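Below is one structure, written out as structure tokens; comments come after it.
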Amino acid sequence: MITVAVLLPLLLSAQVVFEATTNVKVVALDETFEIVFNINQGNGREFSPPSFKEFDVMNGPNQSMSTTIINGKLSQRLAYAYLLHPKKVGKFTIDAATIFVKGTRYQTKPVSIEVRPSDKQDLKGDLPKDKTAFVQLELDKTSAFLGEQVMLDYVLYTTVDVHNAEMLKPLSFDGFFAKEMQNFDMRSDRVTQNGTTYVTKLLKRVALFPQQVGSLTIPPANLQLTVATEERSLFYSSNMYDMPVTTNSATIQVKPLPINAPANFMGGAGSNFVVNLSADKTQLTTDDVLTLRVEVLGDGDPKRIQLPPLPLAADDFEVYKPHTVEENFLEGGSGQLSSMKRIEYQILPKREGIFTLHPTFSYFNTTQQRFESNNTQPITLSVTKGSGRHTNIAPTTPTTKKELSWIYLIAVIGALAAAAGYWNKRQNPPQKIEDAATKKKKYALTIAQQRLSKAKFFWKENKATDFYTEITRSLLGYVCDKHNLQLGTTTREEVRTILQTAVQDEALVNIFFDCVHTADLALFGGQDNTDTMQQTYQNAVQTIVEIEQRWK
């Protein structure tokens with residue numbers, strides 16, 4: 001963005017800034033550009049734009065407002081944005097815009113724009129010069145919180161007969177988790193700007209979830225439009241020609257979530273979240289394992305959902321680490337993408353009695369800009385005394401012969417560890433029951449094996465997102481379990497430091513993080529390449545096996 005004008009009545013207010021900015025100084029005749037009128041530190045009224053007499057207004061004014069707090073200092077910004085298309089070649093001046101703040105009139109300086117002839121070959125022939133076609137990026141918001149859904153539309157505006165629109169290269173969404181919508185209204189509509197009527201059509205819709213704080217820019221997209229001329233051939237069919245077009249770019253200001261999150265915050269950020277709670281049984285013995293299912297429905301980034309610890313007394317229950325069993329996206333009629341994430345806890349009662357499970361979970365409401373709680377329906381459990389023999393907790397997915405060698409190797413290592421533990425138990429009878437931390441370290445390999453089995457299942461079902469999620473959980477979760485750390489609060493750098501100390505093999509550590517990086521690209525970089533799932537799976541299995549053998 002190039003700042004081209006600022007005018008401040010300094011004697012009246014040294015804080016208010018009213019300026020005009022544009023993303024270009026020179027534009028081709030067949031291109032569009034954006035001009036934005038920003039007022040900082042002021043709540044403006046009676047905004048009056050310039051005439052734009054040498055340009056057609058394709059879109060606008062699009063008004064946006066943002067408030068930020070940096071180092072305790074409040075900053076406000078109000079913006080009016082227009083998308084303009086030049087009418088002819090030449091050097092032109094966009095006059096000043098004006099606005100009133102607390103009764104004081106502010107204005108920008110004029111903006112100079114040079115319009116040059118298009119360097120593309122003119123294939124339109126006999127088409128009138130006032131006919132044009134372009135594609136515009138349109139956001140439902142230009143300011144969002146971390147993990148909040150932002151809807152991006154690719155909209156065709158045309159006064160000519162466009163038969164087809166094709167993306168010339170893959171779209172890039174650096175800094176976002178992107179999910180392309182499949183169901184949206186593709187019917188044509190009509191809009192009129194400055195006396196010109198355009199036919200509009202939504203070409204593509206993408207739900208974006210920002211993954212980092214700051215200013216994130218969506219780069220222009222290159223398309224090729226197939227346009228029909230009015231000239232007829234010998235057989236009365238329209239002549240076609242290709243028109244390459246480039247969209248505008250779009251910028252989103254991403255804000256961090258407030259730091260005063262409650263203890264039951266589950267990581268969600270959006271306009272609405274609903275949490276449902278269910279159990280596979282309500283009457284059980286101290287021998288049984290209870291499966292508690294938490295279903296989270298919302299419009300924010302589901303991958304940021306990390307449930308907090310359940311408010312259960314340690315003397316009453318032993319709670320195992322929760323795991324995600326299902327994550328799906330749902331497209332409704334609201335134009336928003338919804339998600340459903342199902343998470344399961346496995347809980348072992350320690351004593352008999354009547355217990356009530358009634359956890360609450362909170363999310364950040366981006367509309368109200370505050371944390372809100374979701375109350376679940378209470379579940380009453382009746383626990384009676386059992387025989388003292390516990391049922392199994394988590395079955396694994398069957399394995400085919402093709403992957404048997406690596407899984408067999410993991411099983412052999414696990415069996416040897418179990419045999420060694422049995423011999424040690426014979427020689428040294430236990431003095432006390434193992435605590436949760438000891439169990440987590442002891443069964444780290446077993447849990448990793450279960451996660452890899454689940455990843456293999458998703459690979460066979462061609463569910464790339466679920467597959468790469470389990471690969472990440474198996475790799476990072478294995479290291480966290482070995483060190484009695486929480487997966488959701490442990491950074492990648494901490495995992496790297498632990499591995500470097502434990503295995504003392506930098507090459508093996510790099511292979512480990514290559515697997516993690518591949519999963520990250522698939523989950524957050526828009527590269528859900530199903531062709532790499534088999535190799536990624538085999539690399540993850542081999543890496544965990546080698547790390548287990550070398551762990552010191």
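Report the residue count in region 268-324 for those that are closer than 25 Å to E180 by Cβ and β-branched (V, I, T). Going through region 268-324 one residue at a time, the tally reaches 4. Annotation: of all residues in region 294-342 being among the hydrophobic types (A, V, I, L, M, F, W, C), in a loop (DSSP other than H, G, I, E, B) and in contact (Cβ under 8 Å) with a residue 40 or more places away in the chain, the one that is nearest to Q369 (Cα to Cα) is L307.
The combined condition, being surrounded by fewer than 14 Cβ atoms within 10 Å (Cβ to Cβ) and either closer than 30 Å to D153 by Cβ or not assigned by TED's automatic domain parsing to the domain that holds N462 (or both), is fulfilled by A313. Within region 348-366, can one find any residue that is without any contact (Cβ under 8 Å) to a residue 40 or more places away in the chain, part of a loop (DSSP other than H, G, I, E, B), within 30 Å of A464 (Cα to Cα) and not assigned by TED's automatic domain parsing to the domain that holds L485? Checked region 348-366: no residue is without any contact (Cβ under 8 Å) to a residue 40 or more places away in the chain, part of a loop (DSSP other than H, G, I, E, B), within 30 Å of A464 (Cα to Cα) and not assigned by TED's automatic domain parsing to the domain that holds L485. Of A507, A502, A522, A540, all but one fail to be assigned to a helix (DSSP H, G or I) and loosely packed, with under 15 Cβ neighbours inside 10 Å; the exception is A507.
Conditions tested, residue by residue: (1) crowded, with 18+ Cβ neighbours inside 10 Å; (2) modelled with pLDDT under 90.
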| residue | (1), (2) |
| --- | --- |
| Y345 | yes, yes |
| I354 | no, no |
| L357 | yes, yes |
| Q368 | no, yes |
| F371 | no, no |
| Q377 | no, yes |
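Among residues belonging to region 180-190 that are touching a Ser or Thr at 6+ places or on another chain (Cβ under 9 Å) and not in a loop (DSSP other than H, G, I, E, B), point out the one that is surrounded by the most Cβ atoms within 10 Å (Cβ to Cβ). Restricting to residues being touching a Ser or Thr at 6+ places or on another chain (Cβ under 9 Å) and not in a loop (DSSP other than H, G, I, E, B), the top hit is D189. The requirement of being assigned to a strand (DSSP E or B), in contact with a Ser or Thr (Cβ under 7 Å, 6 or more places away or on another chain) and buried (at least 16 other Cβ atoms within 10 Å of the Cβ) is satisfied by K201.
If you scan region 254-308, which residues turn out to be among the small types (G, A, S) and surrounded by 21 or more Cβ atoms within 10 Å (Cβ to Cβ)? Matches in region 254-308: G267, G268, A269, G270, G298, G300.
The residues listed here are M181, M186; of these, the one that is without any contact (Cβ under 8 Å) to a residue 60 or more places away in the chain and either within 21 Å of E331 (Cα to Cα) or not assigned by TED's automatic domain parsing to the domain that holds P210 (or both) is M186.
The values are calculated or read from the model by the stated rules, or taken from the named source; none is laboratory data. These numbers were taken from a predicted model, which means no experiment stands behind them. Heads up, the Cβs are rebuilt from the backbone with ideal geometry, glycines too, and the neighbour counts pull from every protein chain shown.
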